[in-house]
Amino acid sequence: MSESESSSTEQAQLGVLRDNIDALDLQIAELINQRAGLAQQVAQVKHQFAQPGEEVVYYRPEREAQVLRRIMEQNKGPLHDEELARLFRELMSACLALEKPTSVAYLGPEGTFTEQAALKHFGHSAMTRSMPAIGDVFREVEAGVVQYGVVPVENSTEGVVNHTLDNFMTSGLKICGEVELRIHQNLLISDVTKLDGITRIYSHSQSLAQCRQWLDTHYPLAERVAVNSNAEAARRIKGEWHSAAIAGELAAQQYGLTMLSEKIEDQPDNSTRFLIIGAEAVPASGDDKTSIMVAMKNEPGALHSLLQPFEEFGVDLTRVETRPSKTGVWSYVFFIDFTGHVEQESVKQALAKVHGCASDLKILGSYPKAVL
Ligand SMILES: C=C(O[C@@H]1C=C(C(=O)O)C=C[C@H]1O)C(=O)O
């Protein structure tokens with residue numbers, strides 16, 4: 001076959017395939033709109049059966065988790081489960097926004113990993129609003145200005161975010177969901193940065209800690225300056241020729257910076273867990289987690305009597321954290337996560353027993369395990 005013959009055969013084959021894609025796209029668009037129409041009908045039914053004056057709750061985290069899990073279970077490829085679920089995540093976000101976009105406050109400023117977590121959980125049709133501090137995210141949800149909040153709670157390298165746990169001690173909000181995000185840190189520079197003159201590196205203290213070894217090797221003499229957020233670090237270096245920042249890709253895009261070195265975190269599986277907070281408890285989705293807060297007297301055997309009921313009733317603990325209580329000098333507060341929902345019998349029994357030996361027990365929420 002001559003070169004021109006083979007090129008026209010290629011064009012002909014591509015033409016047929018593209019015609020097929022065009023035809024399918026129209027069908028997919030039609031089906032997506034049919035789906036959106038059904039979601040609108042669901043909303044109408046919810047509205048119709050609401051009590052007078054009751055605010056209708058359109059967003060159902062447990063149902064969304066079930067939809068995504070089913071899509072992943074039934075997936076035959078070639079798209080990966082996560083990739084397909086991500087598309088459906090956006091589809092549900094768009095369907096829901098037809099009725100009322102979900103309003104979400106997150107720990108800002110714009111460009112933080114928490115914003116990334118908010119978009120991963122609620123999709124891009126949600127209305128997100130950045131807050132300067134974790135306490136402000138709690139307050140905004142408590143005041144009913146937004147429906148949900150997103151706050152970081154633990155990092156695989158650096159441990160818990162104490163501010164978030166402390167806010168739960170005084171807040172009546174419920175945990176409605178969790179998000180896990182792989183965290184990649186990058187060294188960012190601006191167009192005025194002099195590459196051989198970097199003497200200062202800004203970032204959030206957690207991010208500086210996550211890149212400690214990399215910094216010791218590559219910039220042992222640079223001053224490490226902790227600021228409120230990675231996005232704040234990105235903003236600061238815009239006018240400083242001797243400074244660089246450590247932040248995520250979203251911050252680099254939003255502040256127009258260049259990633260000089262990518263994925264500089266010391267642990268390759270560095271990830272952060274975020275919590276979704278809201279006013280309402282979430283019904284069981286079939287694969288759930290529960291978080292509780294328990295205050296115990298600091299006396300011998302306290303930890304054992306706290307943990308024993310979980311073993312007795314076969315409830316799997318996934319995390320135990322201790323914080324000094326802010327009220328009594330000698331009390332401690334335990335934050336405990338376990339598998340299961342408070343509506344489940346084994347969980348009810350374990351909690352009843354814990355209640356008997358604790359000076360205080362607060363159920364922070366049962367919520368679907370992270371799907372994506
Ligand atoms: C359609 C519903 O409402 C919302 C939209 C969903 C969807 O698009 O699948 C799922 C749950 C809710 O957040 C529903 O409750 O089924």
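The values are calculated or read from the model by the stated rules, or taken from the named source; none is laboratory data. Only a predicted model underlies this, so the values are computations on that prediction, with no experimental measurement involved. Backbone-built Cβ (ideal geometry, glycine too); neighbour counts: all protein chains shown. In case anyone asks, the SASA skips ligands and DNA or RNA and just uses the protein heavy atoms, side chains included. Shrake-Rupley method; radii C 1.70, N 1.55, O 1.52, S 1.80 Å.
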Query raised in the report: Can you pull the percent of segment 281-372's accessible area that's carbon plus sulfur, 1.4 Å probe, other chains left in place?
Result: 53 percent
Requested in this report: Just order 3-9, 201-207 by mean Cβ neighbour count inside 10 Å, highest at the front, would you?
Outcome: 201-207, 3-9
Report task. Report the local net charge at SER190: Lys and Arg +1, Asp and Glu -1, summed over other residues whose C-beta lies under 9 Å from its C-beta. Result -> -1
Requested in this report: Work out how much length ILE363 to GLN74 would gain on full extension: take 0.36 nm times their residue separation and subtract the Cα-Cα distance, in nm to one decimal.
Outcome: 100.6 nm
Query raised in the report: Quick one: if the Förster radius is 51 Å, what FRET efficiency do LEU260 and VAL16 give, using the C-beta to C-beta distance and rounding to 0.05?
Result: 0.65
Query raised in the report: Taking the Cβ of SER229 as the center, what net charge do the other residues with Cβ under 12 Å away carry, scoring Lys and Arg +1 and Asp and Glu -1?
Result: -1
Report summary line: The answer for the chain, accessible area per residue at 1.4 Å probe in Å², is 53 Å²
Query - Segment GLN66-ASP25, extension gain: residue separation times 0.36 nm, minus the distance between their alpha carbons - result: 12.2 nm
Query raised in the report: So, how do all the Cα-to-Cα distances of segment 281-372 break down into 5 Å bins, in percent, from 0 on up?
Result: 3, 14, 26, 26, 16, 10, 5, 1, 0
Query raised in the report: Of ASN167, SER285, SER346, which is farthest along the charge dipole of the chain in the positive direction, counting Lys and Arg as +1 and Asp and Glu as -1 at C-beta?
Result: ASN167
**Report entry** Within-15-Å neighbourhood charge of ALA251 [Cβ basis; K, R +1; D, E -1]
**Finding:** -2
Report summary line: Sequence order, segment 88-102: Karplus ³J(HN,Hα) from phi using 6.51 cos²θ - 1.76 cosθ + 1.60, θ = phi - 60°, Hz rounded, Gly and Pro as x, gives 5, 4, 5, 4, 5, 4, 5, 4, 5, 5, 4, 7, 6, x, 5
Query raised in the report: Considering only protein heavy atoms and a 1.4 Å probe, what is the carbon-and-sulfur percentage of the accessible area of segment 18-99?
Result: 55 percent
**Report entry** Estimated 222 nm signal from helices in the chain, with DSSP H stretches of n ≥ 4 weighted -39500 (n - 2.57), rounded to 500
**Finding:** -13500 deg cm²/dmol
Query - Most to least packed among 211-218, 76-83, 42-49, 273-280 [average Cβ atoms within 10 Å] - result: 273-280, 211-218, 42-49, 76-83
Query - Restraint check, LYS120/LYS263; LYS120/LYS369; LYS76/LYS289; LYS289/LYS326; LYS263/LYS289; LYS326/LYS369, Cα-Cα greater than 24 Å - result: LYS76/LYS289; LYS289/LYS326; LYS263/LYS289; LYS326/LYS369
Report summary line: Contour minus Cα-Cα span, HIS47 to ASN298, at 0.36 nm per residue, comes to 85.4 nm
Query raised in the report: Carbon and sulfur atoms: what percent of the 1.4 Å accessible area of segment 187-269 do they account for?
Result: 46 percent
